[in-house]
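Engineer: Dumping the structure here so I can ask a few things about it.
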Amino acid sequence: MIKDVIVKKLKVLTDERGRLMEIMRNDDPFFKKFGQVYMTTNYPGVVKAWHYHKLQDDHVCCFSGMIKLVIFDARSDSPTKGEVNEFFIGVHNPSLIKIPVNCYHGWKCISETESLVLSVPSEAYNYNAPDEYRIPPHSQEIPYDWGRKDG
């Protein structure tokens with residue numbers, strides 16, 4: 001596991017009225033603060049990658065559909081530099097993933113329907129000076145193939 005990445009398995013509580021799932025609380029041991037909360041979607045097969053942040057941690061949860069979330073540790077001072085982690089999260093595996101600063105990340109919708117992803121970065125988006133550094137999803141800079149792996 002990449003240093004400073006945290007996986008929080010989420011519990012879905014159900015009854016005859018519906019479902020409830022807590023995603024993140026201010027008493028979670030990894031919680032520092034939040035800058036904003038937003039939702040993004042992916043159509044089936046779409047890859048949204050790669051980017052990293054210098055100032056903010058990201059907290060990502062897929063609550064409808066399924067995504068393959070991938071993190072690459074590019075931090076020069078990290079004991080896990082060069083590692084890649086894959087997480088399959090969504091309706092069949094409810095989880096919150098904390099992504100530390102300076103780690104490239106992105107995801108691919110792997111469900112047959114659109115995925116809905118909740119993102120809670122620790123900092124608000126700065127429209128004048130975005131803390132976002134991107135490379136293309138199929139860049140050779142990261143040793144990862146977004147293709148399906150049929151074991």
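The values are calculated or read from the model by the stated rules, or taken from the named source; none is laboratory data. Quick caveat: nothing in here was measured; it's all calculated off a predicted structure. All Cβ positions, glycine included, derive from the backbone under ideal geometry; neighbour counts span all protein chains shown.
Engineer: Of everything in region 5-31, what is in a loop (DSSP other than H, G, I, E, B), of a type in the set (D, E, K, R) and either touching a helix residue (DSSP H, G or I) at 6+ places or on another chain (Cβ under 7 Å) or surrounded by 11 or more Cβ atoms within 10 Å (Cβ to Cβ) (or both)? Give them in sequence order.
Structural biologist: Result: Glu22, Asp28.
Engineer: Also: Can you tell me which residue among Ile2, Ile71 is within 23 Å of Tyr133 (Cα to Cα), buried (at least 18 other Cβ atoms within 10 Å of the Cβ), over 13 Å from the mean Cα position of the chain (by Cα) and among the aliphatic types (A, V, I, L, M)?
Structural biologist: Within the list Ile2, Ile71, the selection yields Ile2.
Engineer: Among the candidates Phe34, Phe87, which residue alone is at pLDDT below 95, surrounded by 12 or more Cβ atoms within 10 Å (Cβ to Cβ) and not acidic (Asp, Glu)?
Structural biologist: After ruling out the rest, the residue left standing is Phe34.
Engineer: Another one. Looking at Val101, Val117, which is the one that is part of a loop (DSSP other than H, G, I, E, B), under 15 Å from the mean Cα position of the chain (by Cα) and closer than 22 Å to Ile2 by Cβ?
Structural biologist: Every option except Val101 fails the conditions.
Engineer: Continuing with the same structure: Mind checking which pairs have a first residue in region 73-89 that is in contact (Cβ under 8 Å) with a residue 60 or more places away in the chain and a second that is surrounded by fewer than 13 Cβ atoms within 10 Å (Cβ to Cβ) and part of a loop (DSSP other than H, G, I, E, B), Cβ under 7 Å, 6 or more apart or different chains?
Structural biologist: Asp73/Gly82; Val84/Pro143; Asn85/Met1
Engineer: What number of residues within region 40-68 are crowded, with 16+ Cβ neighbours inside 10 Å and among the basic types (Lys, Arg)?
Structural biologist: 2
Engineer: Right, something else. So which residues in region 110-151 are among the small types (Gly, Ala, Ser) and either in contact with a Cys (Cβ under 7 Å, 6 or more places away or on another chain) or free of Cβ contacts under 8 Å to residues at least 24 places away in the same chain (or both), if there are any at all?
Structural biologist: Of everything in region 110-151, those that are among the small types (Gly, Ala, Ser) and either in contact with a Cys (Cβ under 7 Å, 6 or more places away or on another chain) or free of Cβ contacts under 8 Å to residues at least 24 places away in the same chain (or both) turn out to be Ser115, Ala129, Gly147, Gly151.
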